[in-house]
Amino acid sequence: MPENYNKEISLSYLKRYAEKDLDSIEEMFSEDIVLRDWKIRVEGKGNALNETRKNFESVHSIEIDVLSTYENNDTVAAELKITVDSTEQLFVVDVITIGSEGKIKSIRAYLGRGDD
């Protein structure tokens, strides 16, 4: 794999998420993906896509600013500022694991605070 390969996949996923592009996201998810955040945990591509679809339908707009990234062999952690509907700001760390086939195997999201 080229250097920064996993980072490129992760940043592409975040871009597609902000664009609410479910078709592109479907191609990026592995069949056995695990999606977990501070509210839910789902397993499997269909369940993860359903949860993502619900998130998209519940908001008008999503802006994602990548504040920093950290990478190791198969995982990228991205520190994010997410603005929902131009008003609500969330500070989140997404930990994205990429499988050997280049598909996203898991996304674990942790809610943080906006202060330094």
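The values are calculated or read from the model by the stated rules, or taken from the named source; none is laboratory data. This one's a predicted model, so the numbers in the text were calculated from it and none came from an experiment. Please note: Cβ atoms are built from the backbone with ideal geometry, for glycine as well, and neighbour counts cover all protein chains shown. Heavy atoms of the whole protein, side chains included, go into the accessibility calculation; ligands, DNA and RNA do not. Shrake-Rupley method; radii C 1.70, N 1.55, O 1.52, S 1.80 Å.
At a 1.4 Å probe radius, carbon and sulfur cover how many percent of the accessible area of the chain? Before the final figure, lay out the partial values.
On the way: 3110 of 6910 Å².
Solvent-exposed carbon and sulfur of the chain make up 45 percent of the total.
Enter the accessible area per residue of the chain (Å², integer; probe 1.4 Å; all protein chains in place).
Per-residue value: 60 Å².
Over 18 Å between C-alpha atoms is what I'm after, so list which of Lys20/Lys54; Lys54/Lys105; Lys81/Lys103; Lys7/Lys54 land there.
With Cα atoms farther than 18 Å apart: Lys54/Lys105; Lys81/Lys103; Lys7/Lys54.
Count neighbours as other Cβ atoms within 10 Å of each site's Cβ, and list the chymotrypsin sites (Phe, Trp or Tyr not before Pro) in region 15-116 that are DSSP loop with at most 13 such neighbours.
Answer by residue number: Trp38.
If you line up the Cα atoms of region 1-63 on their principal axes, what length do they span on each, largest first, in Å?
36, 26, 23 Å, listed from the longest principal axis down.
Pop out the ³J(HN,Hα) list for region 63-68 in order, Karplus 6.51 cos²θ - 1.76 cosθ + 1.60 with θ = phi - 60°, rounded to Hz; leave Gly and Pro as x.
10, 10, 9, 7, 7, 6
Sum up the charges of everything whose Cβ sits under 11 Å from the Cβ of Tyr17, counting Lys and Arg as +1 and Asp and Glu as -1, but leave Tyr17 out. Could the numbers behind the result be given before it?
Values: positive: Lys15, Arg16, Lys20; negative: Glu19, Asp21, Glu63, Asp94.
The answer is -1.
Which ³J(HN,Hα) values, rounded to whole Hz and listed in residue order, are derived for region 41-58 from phi using the Karplus coefficients 6.51, -1.76 and 1.60 in 6.51 cos²θ - 1.76 cosθ + 1.60 with θ = phi - 60°, glycine and proline given as x?
Karplus-based 3J(HN,Hα) across region 41-58 equals 8, 10, 10, x, 4, x, 5, 5, 5, 4, 5, 5, 4, 4, 4, 5, 6, 8 Hz.
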